[in-house]
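Nothing in this text is a laboratory measurement; each read-out follows from the coordinates by a stated rule. Here the structure is a predicted model, which means the values were calculated and not measured. Cβ sites come from the backbone with ideal geometry, for glycine too, and all protein chains shown count toward neighbours.
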């Protein structure tokens, strides 16, 4: 933390920088009590934020990482590893796990009896099922909602999704702090300090530099810690899967 004065306006400014934060709820603890002037008002704003889009759309925490299928003889359930999947990558993972179960036809080109594809023109997904195989999307921990399917059992044939495909469960990052409340979400007051669409595809790093810092009223004149949290549009803490985030926040005298 750095404290300095604007030499032109003689206004008090405090810079709060966090580096290599590994949690979605972070308490910045100060080595000394911070006391602001009682007779003036202060504002807080996000200056920059950077991290990696490592946010999973299939995970144990989301309780949507199971894929149950019938191989013509018995039902089997696959556990999809936590990750941020695109449709083609999800198909590859399902088929790899089915191959591990010996549920495929080996050859020069391996043949699989369940294939998932996506159509970016029609914005839907399709399953091609052959050889007596089935898929059970009625289980509670399935990812069928991501790919637009209802809680149903699919039999042999071609099946197109009938609902919206929502592969990106998290589209927005909200940065919140416990010491401001003047941001409104759907008409209700919130502790949001800044909100932004995720500016990079899955697996890529990103940097957010607001063109104009949004300054919000700062609520305390004396404190020794500030809590920051990072949530999605569902108001759930975001799982960055161990990838660190850095940010800089400033408190300034009005």
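Under the rule a/c < 1.5 gives rounded, and otherwise a/b versus b/c splits prolate from oblate, where does the stretch 127-175 land using the Cα gyration tensor?
Note, shape of the stretch 127-175 comes out prolate.
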Rounded FRET efficiency, nearest 0.05, which uses the C-beta distance separating residue 159 from residue 102 and R0 of 22 Å = 0.35
FRET efficiency for residue 31 and residue 77 from the Cβ-Cβ distance with R0 = 51 Å, rounded to 0.05, comes out at 0.50
Give me the angle, in degrees from 0 to 90, between the Cα long axis of helix 87-100 and the longest principal axis of the Cα atoms of the chain, rounded to the nearest 10.
-> 50 degrees
Highest-MSF residue in the chain out of 47, 74, 165 [GNM, Cα springs under 10 Å] | 74
Calculated from DSSP H runs of 4 or more alone, at -39500 (n - 2.57) each and per residue, what is the 222 nm mean residue ellipticity of the chain, nearest 500?
-> -2000 deg cm²/dmol
Return a whole-number percent for the relative contact order of the stretch 66-160, with Cα pairs under 8 Å and 6 or more residues apart as the contact set.
-> 28 percent
Of (i) 24.1, 79; (ii) 16.7, 49; (iii) 17.5, 53, the label for Rg and Dmax of the Cα atoms in Å derived from the coordinates | (i)
Scoring the chain by relative contact order with C-alpha pairs under 8 Å, at least six apart, yields a percentage of 35 percent
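If eta is 1.567 mPa s and T is 4 °C, what Stokes-Einstein diffusion coefficient results for the stretch 52-173, Kirkwood Rh from Cα pairs, in µm²/s?
It comes out at roughly 88 µm²/s.
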How many angstrom separate the Cα center of the stretch 51-75 from the Cα center of the stretch 212-248?
-> 29 Å
